[in-house]
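Asker: Dumping the structure here so I can ask a few things about it.
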Amino acid sequence: MNADAAPARILAVANQKGGVGKTTTAINLATALAACDKRVLVIDIDPQANATTGLGIVKDGIERSSYDVLVDEAPMEGAILPTQVPHLWLVPGAVDLAGAELELAAAFGREHRLSRALAEVIDRFDYVLIDCPPSLNLLTVNALAASAGVLVPLQCEFYALEGLSQLMKTIDLVRKNLNPTLQIEGVVLTMYDKRNNICDMVAADVRRHFADRVYDTVIPRNVRLSEAPSHGKPALLYDLRCVGSQAYIQLAGEILRRAGGSEAPPQDMPPPETPPEVPPESSPAAEPQS
Ligand SMILES: Nc1ncnc2c1ncn2[C@@H]1O[C@H](COP(=O)(O)OP(=O)(O)OP(=O)(O)O)[C@@H](O)[C@H]1O
Ligand SMILES: [Mg+2]
């Protein structure tokens, strides 16, 4: 059970627009929450599996992925892997997910596969972050059906709000048909560049549109955030002091405060060589993979 035995908060990190910072947000926010002593699970349901490689898990070594969980109804328990970050676990993604939509087309209860699988392990975590693909397909619908809230990363660029009405419509449809309590957890502005006037215009526009749903924390454009995945590390392990890492620590603090927690954001991270922790309930498949 998690520390306070409250059910985990499940958040879908979603925006059908590509390259807006979903995966960067999922990885680094999860790491920052884990550093605040929260038990965090990242579920990668994107065929690109960027969250998986970004957390240092080598794709070839994966025995069970979110594909097996969604399509073959394999227990999620056996797909949970420890990461280099204490308190942070991952259900890896796989390229096979690209075919999941077709394979599930005629399946009974296909929109609830993820939700049902999560129910078996949910007690072990405080936060679950689902890294969605850049599409409003059945994978994303599974994430929305399983989640309490949607975290929407919005890139500070001219077309930021374009296409967002489709996401809002999908959220409405999921609310009506699958998950009546689904909320917009928050909108996070990403890749903010203070030298670019467009960024301020977009930020003001987004705040007018979503009001207090937009986090005060803004994620700056920061090259360290984009370098970290090639080292298989969250930015917080790659360079804790960089402005990108610090912004995600601030975002975690804001999310915890909004959720009613009083935790102060961590001032420091354990060094990268910290060995992975034993998962809460050890299982054979939870061994670290090389
Ligand atoms: N704040 C940032 N500053 C600089 N680069 C960033 C930042 N956030 C993300 N990036 C980089 O931008 C690219 C897209 O980011 P990311 O993969 O997180 O987006 P995504 O929404 O998950 O993309 P996709 O839709 O393909 O899944 C990546 O190369 C990432 O490293
Ligand atoms: Mg991504």
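Asker: Would you mention how many residues in segment 67-98 are of a type in the set (S, T, Y) and either under 19 Å from N142 (Cα atoms) or modelled with pLDDT under 95 (or both)?
Answerer: Our first condition is that a residue be of a type in the set (S, T, Y); within segment 67-98, this holds for 67, 83.
The next check asks that each one be either under 19 Å from N142 (Cα atoms) or modelled with pLDDT under 95 (or both); those that pass are 67.
Residues flagged as of a type in the set (S, T, Y) and either under 19 Å from N142 (Cα atoms) or modelled with pLDDT under 95 (or both) within segment 67-98 amount to 1.
Asker: Right, next: Can you confirm whether segment 106-121 contains a residue that is of a type outside the set (G, A, S), away from ligand 1 (no atom under 16 Å from the Cβ), under 15 Å from the mean Cα position of the chain (by Cα) and on the phi < 0 side of the Ramachandran plot?
Answerer: Here is the first cut: in segment 106-121, the ones of a type outside the set (G, A, S) are 108, 110-114, 116, 118, 120-121.
Filter again for away from ligand 1 (no atom under 16 Å from the Cβ), leaving 108, 110-114, 116, 118, 120-121.
Pick out the ones that are also under 15 Å from the mean Cα position of the chain (by Cα) and you get 114, 118.
Now restrict to residues that are on the phi < 0 side of the Ramachandran plot: 114, 118.
So far as segment 106-121 goes, yes, one or more of its residues are of a type outside the set (G, A, S), away from ligand 1 (no atom under 16 Å from the Cβ), under 15 Å from the mean Cα position of the chain (by Cα) and on the phi < 0 side of the Ramachandran plot.
Asker: Let me ask you something else. Tell me the residue from T83, T140 that is closer than 18 Å to D46 by Cβ, out of contact with any strand residue (DSSP E or B) (no Cβ under 7 Å at 6 or more places or on another chain) and touching a residue at least 40 places away in the same chain (Cβ under 8 Å), please.
Answerer: Details: T83 fails: out of contact with any strand residue (DSSP E or B) (no Cβ under 7 Å at 6 or more places or on another chain).
The conditions single out T140.
Asker: Would you be able to say whether some residue in segment 118-129 is among the acidic types (D, E), closer than 20 Å to I45 by Cα and in contact with a Gly (Cβ under 6 Å, 6 or more places away or on another chain)? Step through it out loud before you land on a result.
Answerer: Keep residues of segment 118-129 that are among the acidic types (D, E), which gives 120, 123, 126.
Imposing the further condition that a residue be closer than 20 Å to I45 by Cα reduces the set to 120, 126.
After this cut, where a residue has to be in contact with a Gly (Cβ under 6 Å, 6 or more places away or on another chain) as well, the list is none.
No; the residues of segment 118-129 include none that is among the acidic types (D, E), closer than 20 Å to I45 by Cα and in contact with a Gly (Cβ under 6 Å, 6 or more places away or on another chain).
Asker: Quick one: would you say L41 is under 12 Å from the mean Cα position of the chain (by Cα), more than 16 Å from ligand 2 (Cβ to nearest atom) and modelled with pLDDT of 95 or more? I'd like the intermediate steps shown before the answer.
Answerer: Numbers: under 12 Å from the mean Cα position of the chain (by Cα): yes; more than 16 Å from ligand 2 (Cβ to nearest atom): yes; modelled with pLDDT of 95 or more: yes.
Against the criterion (under 12 Å from the mean Cα position of the chain (by Cα), more than 16 Å from ligand 2 (Cβ to nearest atom) and modelled with pLDDT of 95 or more), L41 qualifies.
Asker: In this structure, does T217 turn out to be free of Cβ contacts under 8 Å to residues at least 40 places away in the same chain and either within 23 Å of L29 (Cα to Cα) or not in a helix (DSSP H, G or I) (or both)? Break it down stepwise before answering.
Answerer: Working: free of Cβ contacts under 8 Å to residues at least 40 places away in the same chain: yes; either within 23 Å of L29 (Cα to Cα) or not in a helix (DSSP H, G or I) (or both): yes.
When the stated conditions are applied, T217 passes them.
Asker: Further question on the same structure: For the subset of segment 200-244 comprising residues that are of a type in the set (G, A, S) and over 19 Å from the mean Cα position of the chain (by Cα), which member is farthest from ligand 1 (Cβ to nearest atom)? Reasoning before the result, please.
Answerer: Restricting attention to segment 200-244, the residues satisfying the condition of being of a type in the set (G, A, S) are 203-204, 211, 226, 228, 230, 232, 235, 244.
After this cut, where a residue has to be over 19 Å from the mean Cα position of the chain (by Cα) as well, the list is 203-204, 211.
Details: A203: 14, A204: 19, A211: 23 Å.
Of everything passing the filter in segment 200-244, A211 is farthest from ligand 1 (Cβ to nearest atom).
Asker: Shifting gears a bit: Considering only segment 146-166, state which residues are more than 13 Å from ligand 1 (Cβ to nearest atom) and surrounded by 22 or more Cβ atoms within 10 Å (Cβ to Cβ).
Answerer: We begin by selecting, within segment 146-166, every residue more than 13 Å from ligand 1 (Cβ to nearest atom); these are 146-150, 158-159, 161-162, 164-166.
Passing the criteria: A146, S147, V150.
Asker: Being modelled with pLDDT of 95 or more, surrounded by 14 or more Cβ atoms within 10 Å (Cβ to Cβ) and closer than 30 Å to E111 by Cβ narrows it down to one residue among N222, N179; which is it? Show your work before the answer.
Answerer: Values: N222 fails: closer than 30 Å to E111 by Cβ.
Testing whether each residue is modelled with pLDDT of 95 or more, surrounded by 14 or more Cβ atoms within 10 Å (Cβ to Cβ) and closer than 30 Å to E111 by Cβ leaves just N179.
Asker: Shifting gears a bit: Which condition breaks for V20 when tested against (1) surrounded by fewer than 19 Cβ atoms within 10 Å (Cβ to Cβ); (2) touching a residue at least 40 places away in the same chain (Cβ under 8 Å)?
Answerer: (1)
Asker: Also, quick follow-up: Name the residue that is nearest to G149 (Cα to Cα), counting only residues in segment 192-242 that are out of contact with any strand residue (DSSP E or B) (no Cβ under 6 Å at 6 or more places or on another chain) and small (G, A, S).
Answerer: Applying the filter and picking the extreme gives A211.
Asker: Is it the case that A35 is more than 25 Å from A160 (Cα to Cα), within 17 Å of the chain's Cα centre (by Cα), more than 16 Å from ligand 1 (Cβ to nearest atom) and buried (at least 24 other Cβ atoms within 10 Å of the Cβ)? Show your work before the answer.
Answerer: Working: more than 25 Å from A160 (Cα to Cα): yes; within 17 Å of the chain's Cα centre (by Cα): yes; more than 16 Å from ligand 1 (Cβ to nearest atom): yes; buried (at least 24 other Cβ atoms within 10 Å of the Cβ): yes.
So A35 fits the description; yes.
Asker: Can you tell me how many residues in segment 39-57 are touching a Lys or Arg at 6+ places or on another chain (Cβ under 9 Å) and away from ligand 1 (no atom under 13 Å from the Cβ)?
Answerer: Counting residues in segment 39-57 that are touching a Lys or Arg at 6+ places or on another chain (Cβ under 9 Å) and away from ligand 1 (no atom under 13 Å from the Cβ) gives 3.
The values are calculated or read from the model by the stated rules, or taken from the named source; none is laboratory data. Just so it is clear, the model here is predicted, and its values are computed rather than measured. Positions of Cβ are backbone-derived with ideal geometry, glycine not excepted, and every protein chain shown enters the neighbour counts.
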